[in-house]
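Presented below is the structure to which this report refers.
Derivation of every value follows stated rules applied to the coordinates shown; laboratory data play no part. Nothing here was measured: the structure is a model prediction, and the numbers come from that model. Neighbour counts are summed over all protein chains in view; Cβ atoms, including those assigned to glycine, are modelled from backbone coordinates with ideal geometry.
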Amino acid sequence: MIDWFQELLEFDRWANARVMDYMETLPEPSEQAQKLMAHIMIAREAWLNRCLQRPFSPADSFPLYPLTECRRLNEDIFKRWSDFLSGAGDLSKRITYTTFDGKPYESSLSDILNHVVNHGTYHRGQIAAKVRELGGKPVSTDYIYYTRTKN
């Protein structure tokens, strides 16, 4: 199962990079789309820190980061997740954490990993909708497209 989640995290990294590649070609990037991409990065980092039992509380969960910073974070956080997962062991391990609004919860590591990937997919969909709204044609970030193009 760890290999499966490594694959999903690689897909998530790839999809984020693909969307950022496209966003850089737009004559006028959408501020909302940039904030959504930064939010994906913040969430990936927050969940990793929760799994590591490290404090993490960003000033803003939807900051306006330049795409260069989002790219750096995309690669850095992916590497740190991969390193963490390689030694994670039991995916049913319970992780206790506190949400940004201060509520305590406990979830399995596998549920958290599923959430991290699905959360990115959800917000990339919002970015695609914004691109369409502005008259553009978003890129495909479907998992099946990733599997067709990775080899």
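Would you please name the residue that is nearest to Tyr105 (Cα to Cα), looking only at residues in the range 39-72 that are among the basic types (Lys, Arg) and touching a helix residue (DSSP H, G or I) at 6+ places or on another chain (Cβ under 7 Å)?
Arg44
Output the qualifying pairs, or none if there are none: Cβ atoms under 8 angstrom, residues six or more apart or on different chains, first residue in the range 49-72 and farther than 26 Å from Gly87 by Cα, second residue of a type in the set (Phe, Trp, Tyr) and surrounded by 15 or more Cβ atoms within 10 Å (Cβ to Cβ). Note: no pairs meet the criteria. Are any residues in the range 51-74 surrounded by 12 or more Cβ atoms within 10 Å (Cβ to Cβ) and either in a helix (DSSP H, G or I) or touching a Ser or Thr at 6+ places or on another chain (Cβ under 9 Å) (or both), and if so, which ones? Hits for the range 51-74 are Cys51, Leu67, Glu69, Cys70, Arg71, Arg72, Leu73, Asn74. If you go through the range 83-117 and pick out every residue that is touching a Phe, Trp or Tyr at 6+ places or on another chain (Cβ under 8 Å), exposed (fewer than 12 other Cβ atoms within 10 Å of the Cβ) and outside any loop (DSSP other than H, G, I, E, B), you end up with 4. Criterion applied to Gly102, Gly120 was being closer than 30 Å to Glu24 by Cβ and either out of contact with any strand residue (DSSP E or B) (no Cβ under 6 Å at 6 or more places or on another chain) or without any contact (Cβ under 8 Å) to a residue 24 or more places away in the chain (or both), and the one residue passing it is Gly120. For the residues Ile42, Ile77, the requirement of being hydrophobic (A, V, I, L, M, F, W, C), in contact with a Ser or Thr (Cβ under 7 Å, 6 or more places away or on another chain), more than 22 Å from Leu134 (Cβ to Cβ) and part of a helix (DSSP H, G or I) singles out Ile42. Here Ser108 passes the criteria (1) in contact (Cβ under 8 Å) with a residue 24 or more places away in the chain; (2) closer than 16 Å to Trp4 by Cβ; (3) of a type in the set (Gly, Ala, Ser) except the one numbered (1).
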